[in-house]
Amino acid sequence: MVFHLADNRWMTRILIAGLMIFLSANVFAEDVYYLNNLKSCELKVLNNGKLEVVDSSPFSDTVLQIRRLPKNPAMVAFKQFDRIYVTKESCVVSVDARRVKNRLNGHEFKKEARQYTEQEKFNSYKYYLELETGIVKMMDDAPVGEDYNSIFPTSSSGNPVSWGSAKESTYKAGMLLSLGFGYKLKQERFLAFKVRLLSGQKSDTLSLTDVNTGISQNGSWTYEDSFKNFYAGYKFLFDYGTWKPMVAAYLGVSMMTSTMTDEISTYELKSSLSPAALLEAGLEYHLNSHWAIAGILGFEYMGKKSMTFSDSSGSDFKTGMGYNNNYLSFGVKYYFK
């Protein structure tokens, strides 16, 4: 199974000119195997200025250092036994591709796809998606309304009332839900985006006193809050194999809507926007190149909120408590190209 070079003199001259350059130039050499079982392949040697067909069997399973001929890129040459040999470029294969045995049918040869390790696959991925849930602990137990006399001022001069001071109470946060996306900037750094959804409830217990009679009764205002927080920042993932520590920092905005009720009257409070920030540290366990599970500890800054009534039922006010919180979350992450 061999190929035949054209007998035209001009073709031979081009080849020989290329061989002269090959002899004098320091060009890049590549390690290959010669596929002497391929159809239409033959090996020629430069002998006294002429190219002569030679037996290729001495080159079976031998690593050859070939150079492509500048004058004819379809041909390659190599030096062996102090002689110059030439063949078609398609008749050699890189030693990095596959070790070729001469007992194989050369014309059936196909370069096999490289088998990448899970680590190599992961290193090639540029994006990730994440879904997390967790528990949140608000850090401030102060009342939402610091002065209810300014929130609900007495409207009647004939029957004035006075609000007492609200007591401290714990904010009951619901389950956290977080959705995220990231783009790899460098091997360990991602540009990251996150949306966090959270709801919760807080009650301010206080007294209401009729100024004329001195009669007091206790009650509470219950706030039901809903947060949508939007963040952008950087995530750093340190690769130690299956276990990968991470830290992240984000800046964003927090959008809060709320209602307040004393079980008799209910008031809608308009959505408010405020700056927010997020710091996270955690550990990812990678099941394979795509999937990972993670545990994260975080701190979220949301500060105090401005409360605005949807109607003229009360006066707008700034909350007395801050909504800064600590949280513990768990989630899954999917990395991909």
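Could you list all residues from the range 176-192 that are farther than 17 Å from Met302 by Cα and open to solvent by 40 Å² or more (accessible area, probe 1.4 Å)?
Selection gives Leu179, Phe181, Tyr183, Leu185, Lys186, Gln187, Glu188, Arg189, Leu191.
When Asp316 is tested against (1) more than 23 Å from Ser165 (Cβ to Cβ); (2) acidic (Asp, Glu); (3) free of Cβ contacts under 8 Å to residues at least 12 places away in the same chain, just one condition goes unmet, and that condition is (1). In summary, Phe236 fulfils each of the numbered conditions (1) within 17 Å of the chain's Cα centre (by Cα); (2) at pLDDT 95 or above; (3) loosely packed, with under 14 Cβ neighbours inside 10 Å with the single exception of condition (3). Every test in (1) open to solvent by 20 Å² or more (accessible area, probe 1.4 Å); (2) among the polar types (S, T, N, Q); (3) closer than 30 Å to Leu131 by Cα is passed by Ser207 save one, and that test is (3).
Looking only at residues of the range 131-157 that are within 30 Å of Ile293 (Cα to Cα) and touching a Leu at 6+ places or on another chain (Cβ under 7 Å), we find that the one that is surrounded by the most Cβ atoms within 10 Å (Cβ to Cβ) is Val136. Regarding the range 240-262, can at least one residue be identified that is of a type in the set (Asp, Glu) and closer than 28 Å to Thr209 by Cα? Yes - at least one qualifying residue is present in the range 240-262. For the range 37-58, a tally of residues being at pLDDT 80 or above and either open to solvent by less than 40 Å² (accessible area, probe 1.4 Å) or under 51 Å from the mean Cα position of the chain (by Cα) (or both) returns 8. Picking from residues in the range 210-227 that are polar (S, T, N, Q) and more than 26 Å from Met255 (Cα to Cα), the one that is least open to solvent (accessible area, probe 1.4 Å) is Ser216.
For Lys337, indicate whether it is within 16 Å of the chain's Cα centre (by Cα), open to solvent by 80 Å² or more (accessible area, probe 1.4 Å) and under 30 Å from Gln119 (Cα atoms). For Lys337, the condition - within 16 Å of the chain's Cα centre (by Cα), open to solvent by 80 Å² or more (accessible area, probe 1.4 Å) and under 30 Å from Gln119 (Cα atoms) - is met. Of the residues making up the range 275-326, just one is open to solvent by 40 Å² or more (accessible area, probe 1.4 Å), of a type outside the set (Ser, Thr, Tyr), assigned to a strand (DSSP E or B) and closer than 21 Å to Ser265 by Cα, namely Lys318.
The values are calculated or read from the model by the stated rules, or taken from the named source; none is laboratory data. Owing to the predicted nature of the structure, the values given are computational and were not obtained by experimental measurement. In this analysis, Cβ positions are derived from the backbone assuming ideal geometry, glycine residues included, and neighbour counts consider all displayed protein chains. Surface accessibility is based on the protein's heavy atoms, side chains included, excluding ligands, DNA and RNA. Shrake-Rupley method; radii C 1.70, N 1.55, O 1.52, S 1.80 Å.
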